[in-house]
Each structure stands twice: as structure tokens, then as C-alpha cells.
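Heads up, the thing below is written out as C-alpha cells.
Every read-out reported here was derived from the displayed coordinates using simple, explicitly stated rules and does not represent laboratory data. All figures in this text were calculated on a predicted structure; none of them were measured in a lab. Because the Cβ atoms are built from the backbone with ideal geometry, glycine has one as well, and the counts that use them run over all protein chains shown.
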Amino acid sequence: MPRQTPLYSAHKALGANLTDFHGFLLPLEYTTISEEHLAVRNKAGIFDLSHMGEIEVSGGDALGFIQRIITNDAQGLPDGKVLYTPICNERGGIVDDVILYRFSAERLMLVVNSANIQKVFEWLIENQTQDVAVNDLSNEYGMIAVQGPLSAPIVEKALGRDAASLKHFHFVSKKEGTACTVISRTGYTGEDGFEIYTPTSQCVSMWDRLMKAGKQAGLLPAGLGARDTLRLEAGLLLYGNDIDDSTTPLEAGIDWTVKFHKEDFIGKAVLLAQKASGVQRKLIGLELVERGIPRAEHHIFVDSNMVGKVTSGTHSPFFKKGIAMGYVEERYSKVGTPLCVDIRGKELGARVVKMPFYRLKTDRGFSTL
Amino acid sequence: MDFPTDISYTETHEWVRTSGSGKAVVGLTAYAQQQLRDVVFIELPKVGKKFRAKDPCAVVESVKAAFDIYVPVSGEIIEVNTELEDRPELVNEDPYGKGWIFKINMSNPNELKALLSAETYKKLCEKGKH
């Protein structure tokens, strides 16, 4: 039986179509994916992300330990800032891609994908050093995201000025009694937005507060369906589809998250060698030039030769056409390269395009930067 | 939910309207389009192509998934609703009218007897809900 999140009753009352997502019963959609998607692009949407995992790393060597675990660099990261980073295995494959919250050099939090909570926890324990404590807080915290150009005024109304005036990729934590709520200006939609971690006992009141604050602005509850199409348009990777234990950050095109200047980290040797020799395959963004919808596992062809596979694909509600990510042989990864996608036996024309498909204009959304 | 009684249904959620001339119009039921939600693409069958009953012949896609359409009765495709190429949402808006998918010239109209009545199909849909 899939687990219910603290917001299960709220979703039922809103008429959500619930689905089993990695063991959690979550809304796939409330109305339609397109409507919820466009609400986030034009106004604001609210998501229950309570399935996400939170793992706390603390102790005198917490930062030193994290620096060995992640490929990105948290050494110079100020307290109160957030960092996106892969965690790699010795082969350079991605164990998970996570969001790292630095409270201090002695206390950090990793937000991990729900399907990987146990795997990441065990990976941390396996590599644990002295003077480091690893705690899985996933069952104690729920997570709610508010995303979209109107998310700042909504969050200001619900949670106050200090939260709403956060800069991009910064966070604040608020203590109410023993409970701690963390609010960051982050997201997975390509829009301005906030992610809020709150004790499970307070999820319902937090959800209600945000829903009420956003009512006039047109805030809509949005499900996992819209979350997936939004992140795909924004060129953000989905673990299990676009990256996994066998793909490296260099192949996935997130080279900027691998900091070779660091003294050492797990996977460094392999990644360094791969950087020197060049990658064999590369993650690309593609758009169909014919009508059709590319989906995961569809094969990609050039001149009747299979050169790769789609890892994520959809009908883009914003651009109203088929878009996808996938791996192809490196020599076919240049922007503009014509390709074909085999959809149910038909080879449909496509071309490599620059990612992200959707990029936020600077004159909206991140105006507080 | 709408279950018109002047048409027949299949377990795979197609509807069939016959005109008595050996021809039938086929579409996707209101129940199915509601389950699929936002229909954004339809792969239509080719006019002139012959199918046997229960062969897959078209695909209706929502943002989240692709859904096969099966031929309810054997025959030859004589017309397809090309308006759906530009307006696939007609399947959502008017499933029993403007959202029709194809017309078929039946080779064995006896097969119509195997289709479901509105009442039977309605029961089937209700059972499918939780």
C-alpha cells in the first residue's frame, strides 16, 4: 500500500487524481496537467512534495565529509545558501542529485529524491567519517512548494517579509517551539518560487495558509504531472529518467556541478579521465519538427542508424509541441543537428535544440535578485 | 457522466454509431476522455486501410500518456476526422459529436451484436472507479 502524505485529505477534498509515486500516494493532477502547468507559468501553483527526503548531516567534520560526498563545492558556500549538486559513485555515476542546505559548517541538510532516500542514506553511512552524524528526517518533515511569478507576494502574505525577500537559492529557518520550518527560494519548474519544509504535524495548516493567501492571485494546486512537464521545459533533470547510477554529470551536461579544483571527492578520478578523453554520449534537448509526442524509451535515429534514446519526453503545454531529453552519441549532440525519433514505428523529424527549452525572462519573476 | 443510448460501446472505451448503411462512426467515450484528461495529439488511421475487429488503429495522447484506439468492428476506414489534427481537444469537449475519430465501412455488421449497450458500459465504468 502506498503511503499517504499529511496532505492526503486536502488532496481528496480538492478532487485530485491520486497516483502511487515511489510508494507515496500523490496528486497526478487536480484538473488537467496543461491547466496546472500554465497556472505556474502565468500566476502560481502549489505542490505537495512531502515524498522528498531530508537527510541531516551534522558534527565537527560535517562539511569536510559533505565535500568528499558531493561533486560541487560547498566550502565557500555561505551559511543560509542552497547548492544543487550530484552525489557520485566511484565510477562517476550519479547516486542522486540533491539540494544541499548549509546551516553552518557543522550542520547541513540534503534534500534527496524520494526513490533514493534509502540509497543515499546507506551511501552516506558507508562513507561516514569520524565526528559526523547522519540523520534521516524524511518521515518528520513534509514539503510544500509555491512556484510561479506571483509566488513572492503569496509567500509574503502567508509567511512574512523575511521569507518573501529571500534571494534566489537562499533560505531561512524559523523555529516555533521545537519545530523548525525551512523556507528557500528554490524550485523545479523554471519559475521563481519557494520550497517550504515543515514538520508533518504542521503541513495541513501551512498548506491552508498558503492556499488562502494565494486565492486572489489565482494560486492553483498542481500535481506531479505538471511538475514533470514544467521541469522538462526548464531543462531540469529527473533522476531515474535522465540520470542514474550509470550516467555521469559530464554526460548529463551538468559539468558546472563538478568542481575538479577540490582536493578529492568520490568519483573524481573517473570524471577527470572522462573530461580528458571526452564523453561518448551526451544528454541533449530535442524538439519534434513534425506533430507527435516523444516519450521515454523512444529510439533516436540519424540516417537509419540508432544513435540514442529518449529519457524524458512530453507535449510541452507552453510551446504546444513535442519536446524531449535523451542521450545521443556525442557527435550528434550539436544544436541544430537533425534527428529522427521512432514513435510507434514512424520516424518523425526532430532537431537538437538548446536547453532549457523555457528560460525565464529577467524582467519577471526574479526581480528581487 | 453522459452515456447516450443511441450508440454502442466497447470494453476498450470506443463508441460506435451506425447509420444503417453498413457504415459506422467511431470515437472515444466521455468516460475515457475524462480519464485521459487533456488530449493533445491524435494519430489517425489511414483512409483505405482495412482492419479486423479489436485491431489497434489509432492513438489518442494526453500530456501524460498514449492510449490505443481499437477498431470495434471489422472493415475499411473510409474517412477520418482531420479537424482533430489542429483541434485534438474536441475529443474532450464533444466526445460524441465533433470529437469523432473515424468512419468505417463494415465488412461484417453482425459484429455489432457483440458490442455493449449504454447500460452495460456504464456499469463497467462504475466498476472501474474506486
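Here are the numbers for the structure shown:
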read-out: Sequence-distant residues sharing a close amide H with A:V352 (under 5 Å, placed H); value: A:G336, A:T337, A:L339
read-out: Leading residue at positive end of dipole, segment B:8-109 (Cβ point charges), from B:Q35, B:G75, B:Y9; value: B:G75
read-out: Cα gyration tensor shape for chain A, rounded if a/c is under 1.5, else prolate or oblate; value: oblate
read-out: Within chain A, helix-based [θ] at 222 nm, where runs of 4 or more DSSP H residues each add -39,500 (n - 2.57), nearest 500; value: -6000 deg cm²/dmol
read-out: Karplus 3J(HN,Hα) series, Hz, for segment B:17-25 with 6.51 cos²θ - 1.76 cosθ + 1.60 (x for Gly, Pro); value: 10, 9, 10, x, 9, x, 10, 9, 9
read-out: Which of A:Y197, B:Y96 has the fewest Cβ neighbours within 10 Å, and the rest in rising order; value: B:Y96, A:Y197
read-out: Proxy reagent accessibility, fewest Cβ within 10 Å first, across B:S19, A:S114, A:S173; value: B:S19, A:S173, A:S114
read-out: Proximal charge balance of A:W207 [Cβ under 14 Å; K/R count +1, D/E count -1]; value: +1
read-out: Neighbourhood charge, 14 Å Cβ-Cβ cut-off, centred on A:E329 and excluding it, Lys, Arg +1 and Asp, Glu -1; value: +2
read-out: Listed pairs A:K167/B:K64; A:K212/B:K127; B:K49/B:K113 exceeding 25 Å between Cα atoms; value: A:K167/B:K64; A:K212/B:K127
read-out: Estimated dipole of segment B:42-130 in Debye, rounded to 20 [Cβ of Lys and Arg +1, of Asp and Glu -1, Cα centre]; value: 480
read-out: Max mean-square fluctuation residue, GNM over chain A, Cα-Cα springs under 10 Å, options A:S333, A:S316, A:S304; value: A:S304
read-out: Sum of -39500 (n - 2.57) over DSSP H runs of 4+, divided by residues of chain B (222 nm, nearest 500); value: -5000 deg cm²/dmol
read-out: Whole-Hz ³J(HN,Hα) from phi, Karplus 6.51 cos²θ - 1.76 cosθ + 1.60, for segment A:2-13, glycine and proline x; value: x, 7, 8, 8, x, 9, 3, 5, 4, 5, 4, 5
read-out: Check: chain A dipole with +1 on Lys, Arg Cβ and -1 on Asp, Glu Cβ, in debye; value: 1240
read-out: Given A:K259/A:K354; A:K346/B:K54; A:K321/B:K46; A:K43/A:K320; A:K81/A:K321, the pairs whose alpha carbons are separated by over 25 Å; value: A:K81/A:K321
